[in-house]
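Worksheet for the structure shown next.
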Amino acid sequence: MYIVKIFISYRRADSAYVTDNVYSYMRGQFGEGNVFLDVNPDSVPFGVDFREHLKQQIAAHDVVLVIIGPQWAQIMQERASWPDDYLRIEIEIALAIGKLVIPVLVMGAIHPDFKVLPSGISELQWRHAAEIRRQPDFDVDCRRLAQGIRDYFERQPVAISNSLESSSVVIYSEEEQKYNISLLTAETAPGIRWIDSHGIPMVYVPAGKFLMGSPIGERRDIERPPHEQIISSGFYIDLTPVTNANYAHFVDAGGYMLERYWTESGWKWLQSSGVKMPKEYTNFDDPQQPRIGVSWFEAWAYSQWRGGRLPTEAEWEWAARGPEHKLYPWGDNFDPTRIIYEKNSLGRTAIVGDGIRQSGASWVGALDMSGNVWEWCSSVNLAYPYRVDDGREDTEDERGWRVLRGGSWYDSRGIARTTYSISNPPVARITGAGFRVVYPRPA
């Protein structure tokens with residue numbers, strides 16, 4: 001059974017009449033309540049950040065149709081510098097959070113030249129476009145588009161949930177129908193994506209067991225002894241490290257002024273240090289670069305604001321290397337094309353998950369788990385074997401140094417191994433350290 005929710009983005013001055021017809025057709029195909037036509041500025045509640053409102057609306061849908069008419073590119077170019085251009089922001093958000101974004105060419109329009117358009121929507125040029133012509137071809141083209149959307153979701157193996165409150169795509173296998181196994185109890189497949197309430201894509205890491213650490217006689221003492229580690233509950237982990245753009249919403253929401261997000265020792269540090277925002281560094285400020293310059297205390301507070309937490313050291317290693325105990329997220333052989341490290345970083349972090357590094361994904365699809373930035377874990381740095389109940393997961397331990405995993409843009413290839421770790425005081429704010437968030441599996 002499928003319930004697909006569609007968000008239609010368009011320029012009224014460019015394609016209003018045709019878009020109304022597309023909207024009516026898609027409602028007939030997918031249901032009246034499952035097709036959403038743009039966001040009217042007048043519908044945004046007073047005092048609400050309209051960017052957050054747009055993100056929430058788009059996060060609640062599975063597909064974004066970008067209707068492109070003859071004047072679309074010209075208007076987009078004219079409004080490139082407008083900070084409140086709703087349509088540009090809609091497309092940027094949809095691309096950033098990993099939605100299925102489909103350009104739809106109408107009224108004889110051609111795919112625009114993205115060299116003269118805002119960089120934030122440039123990825124749209126690589127999305128295969130649909131074309132909808134006038135009658136007598138209109139119905140045929142709309143039917144082809146609707147069927148293409150259905151075909152896409154038929155290839156998805158399990159449910160994709162768009163929010164904590166609801167699921168917009170529900171897929172039952174024949175086995176589940178036969179035995180009436182509900183999705184609330186069935187295990188989710190590794191790597192299935194879920195969009196959290198802040199519009200941030202995450203991937204699923206199932207429960208399981210693996211060999212944590214390195215064999216005797218190999219690597220460093222801190223990685224030994226190798227020991228079986230059981231991850232008893234599945235969880236979601238951020239697809240990429242938290243970006244500058246992600247973190248800015250926490251700052252804008254008053255995260256540094258709200259004690260409820262901070263550990264007791266973290267709040268004391270915040271008050272005594274006078275810190276009001278993350279530490280900034282030149283050449284590390286692109287919205288899609290990883291957020292660096294944050295202490296463990298800040299990373300923890302952000303994760304609480306998101307409704308999650310930092311991964312334990314065991315969870316991080318499991319998400320990175322999986323049941324095959326891979327030495328790097330992609331396998332046992334180093335490949336410089338899959339990672340940002342000292343030899344190719346050009347002296348700074350790279351935009352998260354960019355370009356060919358997609359091939360460096362871990363077994364669950366998590367990107368940048370080796371290189372680019374170290375990632376804070378919740379764990380205090382104690383000797384192996386790892387035990388979750390031996391005090392290392394005490395969030396109020398203000399003296400214990402916290403574990404970081406994954407290596408960074410300034411480190412060598414060996415440090416990028418999935419078993420390698422370092423530690424820093426929880427107050428450290430450096431150019432090499434970022435983090436990502438984990439969530440328990442949402443019901």
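Values quoted throughout were computed directly from the atomic coordinates according to the rules given, and no laboratory measurement underlies them. Just so you know, these numbers come straight off a predicted model, no measurement behind them. For neighbour counting, all protein chains shown are included, and Cβ atoms are generated from backbone atoms with ideal geometry for every residue, glycine included.
Going by the alpha-carbon gyration tensor, a ≥ b ≥ c the square roots of its eigenvalues, is the range 212-299 rounded (a/c under 1.5) or, if a/c is not under 1.5, prolate (a/b greater than b/c) versus oblate?
Verdict is prolate for the range 212-299.
Would you mind checking which residues have amide H under 5 Å from Arg309's amide H? H placed 1.01 Å from N; only 5 or more apart, or other chain.
When sequence neighbours closer than 5 places are left aside, the close amide H contacts are Val438.
Residue-wise, which Karplus ³J(HN,Hα) couplings in Hz belong to the range 201-212, taking 6.51 cos²θ - 1.76 cosθ + 1.60, θ = phi - 60°, and x for glycine or proline?
Per residue, the Karplus-derived 3J(HN,Hα) values read x, 10, 10, 8, 10, x, 5, x, 9, 7, 8, 8 Hz.
Tell me the angle of helix 86-96 to the major Cα principal axis of the chain, expressed in degrees between 0 and 90 and rounded to the nearest ten.
Once rounded, one gets 40 degrees.
Could you work out how far apart the two model spin labels at Val116 and Phe334 are, taking each label as a point 7 Å from the Cα in the direction of the beta carbon, and quote it in nm?
It is 4.7 nm.
Collect residues whose amide H, placed 1.01 Å from N in the peptide plane, falls under 5 Å from the amide H of Asn424; neighbours closer than 5 in sequence don't count.
Arg402, Leu404
Subtract the Cα-Cα distance of Gln147 and Ser81 from 0.36 nm times their separation in residues, and report this length gain in nm to one decimal.
20.1 nm
Ranked highest first by average number of other Cβ atoms within 10 Å, how do 314-326, 9-21 line up?
Result, highest mean first: 314-326, 9-21.
Karplus couplings for the range 63-74 from phi (6.51 cos²θ - 1.76 cosθ + 1.60, θ = phi - 60°), rounded to Hz, Gly and Pro as x?
10, 10, 8, 9, 7, 10, x, x, 9, 4, 5, 5
Thr282 versus Asp137, label points 7 Å from Cα toward the beta carbon: distance in nm?
5.4
What are the ³J(HN,Hα) values, in whole Hz, obtained from phi via the Karplus relation 6.51 cos²θ - 1.76 cosθ + 1.60 with θ = phi - 60°, for each residue of the range 402-418 in sequence order, with x given for Gly and Pro?
9, 6, 10, 10, x, x, 8, 5, 9, 9, 7, 4, x, 6, 7, 4, 5
Which angle from 0 to 90°, rounded to the nearest 10, does the C-alpha axis of helix 12-30 make with the longest principal axis of the chain?
Approximately 80 degrees, to the nearest 10.
Taking the Cα atoms of the range 6-154, report the difference between the largest and smallest coordinate on each principal axis, in whole Å and largest first.
Result for the range 6-154: principal-axis Cα extents of 42, 33, 27 Å.
Working from Cα positions, state the angle (0 to 90°, nearest 10) between the long axis of helix 138-154 and the longest principal axis of the chain.
Roughly 20 degrees between the two axes.
Amide H neighbours of Tyr236 under 5 Å, counting only residues 5+ apart in sequence or on other chains, H built in-plane at 1.01 Å?
Counting only residues 5 or more places away or on other chains, the set is Val205, Tyr439, Arg441.
Going highest first, how would you order 205-213, 403-411 by mean Cβ packing within 10 Å?
403-411, 205-213
Hey, rough spin-label estimate for Ala129 and Ala248, points 7 angstrom out along Cα→Cβ, what's it come to in nanometres?
According to this spin-label approximation, the distance is 2.9 nm.
Using the C-alpha gyration tensor of the chain, what are the square roots of 5 times its eigenvalues, in whole angstrom, with the largest one first?
40, 25, 21
Rounded to the nearest 0.05, what FRET efficiency do Arg387 and Arg12 give with R0 = 60 Å and r taken as the Cβ-Cβ distance? Could you check?
E(calc), rounded to 0.05, equals 0.50.
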